[in-house]
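Asker: Here it is: the structure, laid out below.
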Amino acid sequence: MSQTKTKRSVTINPGMLCQPIGAMQAVLGVHAAIPLVHGSQGCAAYPMRMFNRHFAEPAEIALSSLGEDAAVFGGADNLVKGVHALAARRHPELIAVVTTCLSETIGDDVDGILRKVDLPVKLVPMHTPSYVGSHVTGYDNAVKALVTHLAEQTGPNSKINVTVGLLDPGDIKELKSMLGMMRVKAIILTDITGAFDAPLILPRPPFPDGGTTVGEIRDTANSIGSIALSKHAGGAAVKYLEMKHKVPMIAGACPIGVENTDAFLDNVSQLTGRPVPDELRKERGRLIDAIIDVQFKVAQKKVAVFADPDVASGMARFVHELGMDPVIVATGTESKEFVKDVQAIASQTGHEIEIILGCDLYELHEAIKRVGVDLLMGNTHGKSIADDEKIAFARLGFPVYDRVGYQRIPIIGYNGGINLVDRIANAILDHADAA
Ligand code: SF4
């Protein structure tokens, strides 16, 4: 097993997005909340375009619109005017001020500026300078900021908190379905199904129905436990709730595949005392049946996985369950925890895995040429690598904009596993047909 650390001083096709976009996704999962990006034009324009392309939905994002004068004299004036204008025009329940490279570099005291604003709207500062971390870090910082500023002990509520990370609306629906079968009440941090899987009903409501309410976020301090589905994106919030409000936390593996979904359901059972029902055991059986059905098509194929840390490590274990060989597991986010997770999978399963950390697509491409793989799993940007190397390609992660409906199809839980079995096997079959 080897681990590659980028030593070059240039990045060629980055393997990650910047912190604010992760924070914006977290905020758009809160009902009647608007992210206000404290930065310049591009810091809001490019994330909106990414959301539109991946989710096929509009994203409402405000901007303090910093220019040269703010870079010299500070952006407080723009921020205060922006918050007032947004509150007056849209009447949101919450405005999250998402900082950027520029506002962090000029040193605006965003927390201090917001403390002096007197408006009947919750104001939550989120620090997301993009010269460190990635969109995953930004999401993590944003959810932690939400619970830090809103969670409040008022009395036990018999719910669990589940932080979902940067998963898709289809995954959140699958999560709700599993929890519903177990009759478990949950506060989902944060629920983007309202914003990014919205029905088109006229007249349009001022804000999409659904999303996690401010009241629910306040109530997270009273829950019987918290589970982070993605420890890198939501883990900081559940740690905070444990330290500050004594809400026990579990940050396990993302529930992708048989073993990881088993562990997730056991964790829910352990926190709530609710048994895993027969319906879920039957779904598990269907996944195992689907895995057996494709054995002769996929077994021993070499796979490179490129995704956010928790999805990449979850997928590495799942392709092992499929009888495949995870030879490269790569992520654009720097994380020692990710390395430990993948090393544990390698030592438990006996696979030789090359771990690439903080990588760009050039580095991934070079590793694929060196190691030789049959299938690449990654976002739309990986397609050109698969084409160049004439290998099969299965889409995974964010952004996926060269296929329709990706965001609706879950990858978590037993049902998500069945979808992945089909996606992987069909990618290999399509590639064989085209050869
Ligand atoms: S300036 Fe920084 S925060 Fe803005 S888009 Fe670029 S990397 Fe992201």
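Okay, residues lined up against (1) within 26 Å of the chain's Cα centre (by Cα); (2) acidic (D, E); (3) more than 30 Å from I256 (Cα to Cα):
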site: V97; (1), (2), (3): yes, no, yes
site: D108; (1), (2), (3): no, yes, yes
site: G112; (1), (2), (3): no, no, yes
site: S134; (1), (2), (3): yes, no, no
site: L150; (1), (2), (3): yes, no, yes
site: I160; (1), (2), (3): yes, no, no
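Asker: Going through P47, P20 one at a time, which residue ends up being under 21 Å from D308 (Cβ atoms), crowded, with 21+ Cβ neighbours inside 10 Å, within 10 Å of the ligand (Cβ to nearest atom) and without any contact (Cβ under 8 Å) to a residue 40 or more places away in the chain?
Answerer: Within the list P47, P20, the selection yields P47.
Asker: Here is a check on your reading of the model: is I172 surrounded by 19 or more Cβ atoms within 10 Å (Cβ to Cβ), over 23 Å from F51 (Cα atoms) and in the same structural domain as M243 (by TED's automatic domain parsing)?
Answerer: Taking the combined requirement at face value, the residue does not satisfy it.
Asker: Looking at V97, V117, V110, V80, which is the one that is of a type in the set (A, V, I, L, M, F, W, C), touching a strand residue (DSSP E or B) at 6+ places or on another chain (Cβ under 8 Å) and more than 16 Å from the ligand (Cβ to nearest atom)?
Answerer: It is V117.
Asker: For the stretch 263-289, which residues satisfy the criterion of being hydrophobic (A, V, I, L, M, F, W, C) and either more than 26 Å from the chain's Cα centre (by Cα) or open to solvent by 40 Å² or more (accessible area, probe 1.4 Å) (or both)?
Answerer: Once the filter is applied, which keeps residues that are hydrophobic (A, V, I, L, M, F, W, C) and either more than 26 Å from the chain's Cα centre (by Cα) or open to solvent by 40 Å² or more (accessible area, probe 1.4 Å) (or both), the stretch 263-289 yields A263, I288.
Asker: Taking the conditions exactly as written (within 19 Å of Y362 (Cα to Cα) and either assigned by TED's automatic domain parsing to the domain that holds P47 or not in a loop (DSSP other than H, G, I, E, B) (or both)), does F398 satisfy them or not?
Answerer: So F398 fails the test.
Asker: When the residues of the stretch 142-169 are filtered to those that are surrounded by 24 or more Cβ atoms within 10 Å (Cβ to Cβ) and polar (S, T, N, Q), which remaining residue is farthest from the ligand (Cβ to nearest atom)?
Answerer: Filtering first and then ranking leaves N161.
Asker: Let me ask another. Do we have N426 as under 24 Å from E321 (Cα atoms), in contact (Cβ under 8 Å) with a residue 60 or more places away in the chain and of a type in the set (S, T, N, Q) here?
Answerer: It is false that N426 is under 24 Å from E321 (Cα atoms), in contact (Cβ under 8 Å) with a residue 60 or more places away in the chain and of a type in the set (S, T, N, Q).
The values are calculated or read from the model by the stated rules, or taken from the named source; none is laboratory data. None of these values were measured; they are calculated from a predicted model. Virtual Cβ from ideal backbone geometry, glycine too; neighbours counted across all protein chains shown. Surface areas here come from the heavy atoms of the whole protein model, side chains and all, with no ligands, DNA or RNA. Shrake-Rupley method; radii C 1.70, N 1.55, O 1.52, S 1.80 Å.
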